[in-house]
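The values are calculated or read from the model by the stated rules, or taken from the named source; none is laboratory data. The shown structure was predicted, so the numbers you read here are calculated from the model rather than taken from an experiment. Because the Cβ atoms are built from the backbone with ideal geometry, glycine has one as well, and the counts that use them run over all protein chains shown. Just so you know, the surface numbers come from the protein's heavy atoms only, side chains and all, with ligands and any DNA or RNA stripped out. Shrake-Rupley method; radii C 1.70, N 1.55, O 1.52, S 1.80 Å.
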Amino acid sequence: MTDDKALTRRSEDFSAWYNEVVLRAELADHSPVRGSMVIRPWGYGIWENMQRALDDMFKETGHENAYFPLLIPMSFIEREKEHVAGFKPELAVVTHAGGKELEEPLVVRPTSETVIYAMYAKWVQSYRDLPILLNQWANVMRWELRTRLFLRTSEFLWQEGHTAHATDEEAQEETLRMLGVYRKFMEDWIAMPVVTGLKSDSEKFAGAVRTYTCEAMMQDRRALQAGTSHHLGQNFSKQFDLTFQTEKGEEEYAWNTSWGVSTRLVGGMVMTHGDDAGIVVPPRLAPAQVVVVPIYRKDDQRAAVVGKAQEIKERLAERGVRTRVDDRDHLNPGAKFYEWERKGVPFRLEIGPRDLEKQQVVLVKRVTAPGEDRKHFLPESQAVEELPSRLQAFQEELLERARAEREAHSHRGVKSIGELNEILESEGGFVYTGWSGDPEVEERVKEETKATLRCIPDADFRSESPPDTCVGGGKARWEVLWARAY
RNA sequence: CGGGGCGUGGCUCAGUCCGGUAGAGCGCUGCGUUCGGGUCGCAGAGGUCCCCGGUUCGAAUCCGGGCGCCCCGACCA
């Protein structure tokens, strides 16, 4: 930190900026246990808004919530071969309880596929019992070696959807449907554009047949995997005997999907929109969308101005705008301005004695475009009337700005690993190349450039003229996206 | 688990080389003042100097051992 007040600038040290801003925006704090975090009210409020929006979308697509237990028998995790290989190193295991060593160790869930499909096996007999479309909001634990607030902590909050279907096609449809839900949520709510696509085999979920992903570009031009949706095929149903009788009376294994997003999204929001003054919370996610800062000298002024602030808050509430009045008396207005900017509140409304006389307010948007006026002096009623649409417009501006930023740092038509590396070493960003599908090429790129294959992008993101040569030489089978990633 | 750094009021740190009564800024409390971008003044509270052992008349400082944290690499939503 340069001093006690200003944040490290992003251009100076993005990583330090992130760490500071998360703490100083009071999103989260380090817990006494290494690698786990406390989510503070401001951060949790953002997460709650994310949860609400996602939950509505899940319900709209026919899902219900349920809850499965935290502890999973070790033998369950070990049942699916790839699954256990993927998760074993990061399991936290309960070996003792009730003062005795347990006969079978219990793992603290790193994800719930095993226990959920074991239960589905009990519940499903016939094709009439399918599909099962459940979601759960839960905490999970993965013992990570290097942790960062929100981006990677040992324990994190997430949702995991788990479905079972009668056919491969139906499961595939579901997998893509939920990927689409994620994309829509990330764009419309977090204002964070993503590239969706298919993961390569080396990057897919341990136990999945196919993994689809949402990849977002952070301001340091690294990729953040923001959400994944897996087609699990019959891998788990076979291990947990999740079978059903078809219409024809034959016994078949069900087809599963799972999909999840986590509190990592809060980190994504921070790194997508934040600036040197603090975080920027998109209006739809902001626990407070407007903060009213009263300005006064004397006690009678204070009474009048705070009274007006309260009144405005109520009028905004009638229009669905979440408003907070900062009437703390021991801070002067400047201190409050800095604090709320750091916390990313979309709009600040200043009301002072001069405004009271003129029946006006001063409205300041958290982010102003170059050339745009920062302070708007508006008649009070106009400000109240217009805030809903101004919030909406700000939400859209944030998405557009982030999209423009991503496009400005996306490189297409790159032909060689050398060229790829040069881009990553200088400017960074998303790099599109051809790929033969050969895992050795993938491995070589990883070693030589530290970039990973983020995905084989969906149609919406492919180049107009797809590359015909593989970045490692030879013929390209797919166009793929590379980036250094979180 | 390898490489580097650090443990001193709530926070950020100085003091450690060269042993001699524990400091600063910010924050906090009270009073006053100020309030349209981090007001200012006065008064105050607050520390087993990470832990254990050793050396010494005397250890935050020197020596030995331990613990913890942060950063950089190998695994990962």
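Observations, loosely collected:
- Note on the range A:451-484: among residues that are among the polar types (S, T, N, Q) and at pLDDT below 95, the one that is farthest from residue A:426 (Cα to Cα) is A:465.
- Filter result (among the aliphatic types (A, V, I, L, M) and open to solvent by less than 70 Å² (accessible area, probe 1.4 Å)) within the range A:18-37: A:21, A:22, A:23, A:25, A:27, A:28, A:37
- Matching helices (runs of 4 or more DSSP H) fully within the range A:297-372 where at least 1 residues are more than 12 Å from RNA strand B (Cβ to nearest atom): A:299-318
- Residue that is farthest from RNA strand B (Cβ to nearest atom) [pool: residues in the range A:68-83 that are open to solvent by 70 Å² or more (accessible area, probe 1.4 Å) and in a loop (DSSP other than H, G, I, E, B)]: A:79
- When A:45, A:86 are checked against the criterion of being more than 16 Å from RNA strand B (Cβ to nearest atom), assigned to a helix (DSSP H, G or I) and under 25 Å from the mean Cα position of the chain (by Cα), a single residue qualifies: A:45.
- Selection of the range A:195-207 for residues being within 25 Å of residue A:165 (Cβ to Cβ) and touching a residue at least 40 places away in the same chain (Cβ under 8 Å) yields A:196, A:197, A:198, A:199, A:200, A:201, A:203, A:205, A:206, A:207.
- Residue A:69 out of contact with any strand residue (DSSP E or B) (no Cβ under 8 Å at 6 or more places or on another chain), within 17 Å of residue A:142 (Cα to Cα) and modelled with pLDDT of 95 or more: yes
- Of the numbered criteria (1) in contact with a Leu (Cβ under 6 Å, 6 or more places away or on another chain); (2) in the same structural domain as residue A:304 (by TED's automatic domain parsing), the one residue A:431 fails is (2).
- Of all residues in the range A:156-187 being in a helix (DSSP H, G or I) and under 28 Å from residue A:108 (Cα atoms), the one that is nearest to the chain's Cα centre (by Cα): A:182
- Subset of the range A:153-172 (residues that are more than 16 Å from RNA strand B (Cβ to nearest atom) and either of a type outside the set (A, V, I, L, M, F, W, C) or open to solvent by 40 Å² or more (accessible area, probe 1.4 Å) (or both)): A:163, A:165, A:167, A:168, A:169, A:170, A:172
- Subset tally (residues that are of a type in the set (S, T, N, Q), closer than 11 Å to residue A:412 by Cβ and open to solvent by less than 70 Å² (accessible area, probe 1.4 Å)) for the range A:453-471: 1
- Taken together, the criteria place residue A:133 among residues that are open to solvent by 10 Å² or more (accessible area, probe 1.4 Å) and within 20 Å of residue A:61 (Cα to Cα).
- Scan of the range A:208-219 for residues that are in contact (Cβ under 8 Å) with a residue 40 or more places away in the chain and open to solvent by 50 Å² or more (accessible area, probe 1.4 Å), ordered by number: none
- Criterion violated by residue A:236 - all others in (1) among the aromatic types (Phe, Trp, Tyr); (2) open to solvent by less than 40 Å² (accessible area, probe 1.4 Å); (3) assigned to a loop (DSSP other than H, G, I, E, B) satisfied: (3)
- The condition of being buried (at least 16 other Cβ atoms within 10 Å of the Cβ) and over 16 Å from residue A:140 (Cα atoms) holds for only one of A:87, A:58, that being A:58.
- Of all residues in the range A:223-262 being touching a residue at least 60 places away in the same chain (Cβ under 8 Å) and of a type in the set (D, E, K, R), the one that is farthest from RNA strand B (Cβ to nearest atom): A:247
- One residue stands out among those in the range A:273-287 that are open to solvent by 10 Å² or more (accessible area, probe 1.4 Å) and part of a loop (DSSP other than H, G, I, E, B): the one that is farthest from RNA strand B (Cβ to nearest atom), which is A:287.
Listed here are the residues, each with its yes/no results for (1) touching a residue at least 40 places away in the same chain (Cβ under 8 Å); (2) open to solvent by less than 50 Å² (accessible area, probe 1.4 Å); (3) out of contact with any helix residue (DSSP H, G or I) (no Cβ under 8 Å at 6 or more places or on another chain).
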site: A:296; (1), (2), (3): yes, no, no
site: A:303; (1), (2), (3): no, no, yes
site: A:312; (1), (2), (3): yes, yes, no
site: A:347; (1), (2), (3): yes, yes, no
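- Applying a threshold of 6 Å to beta carbon distances and a minimum spacing of six or more residues, or different chains, the list of pairs starting in the range A:355-381 at a residue that is farther than 18 Å from residue A:274 by Cβ and touching a residue at least 24 places away in the same chain (Cβ under 8 Å) and ending at one that is open to solvent by 90 Å² or more (accessible area, probe 1.4 Å) and more than 9 Å from RNA strand B (Cβ to nearest atom) reads A:380/A:359.
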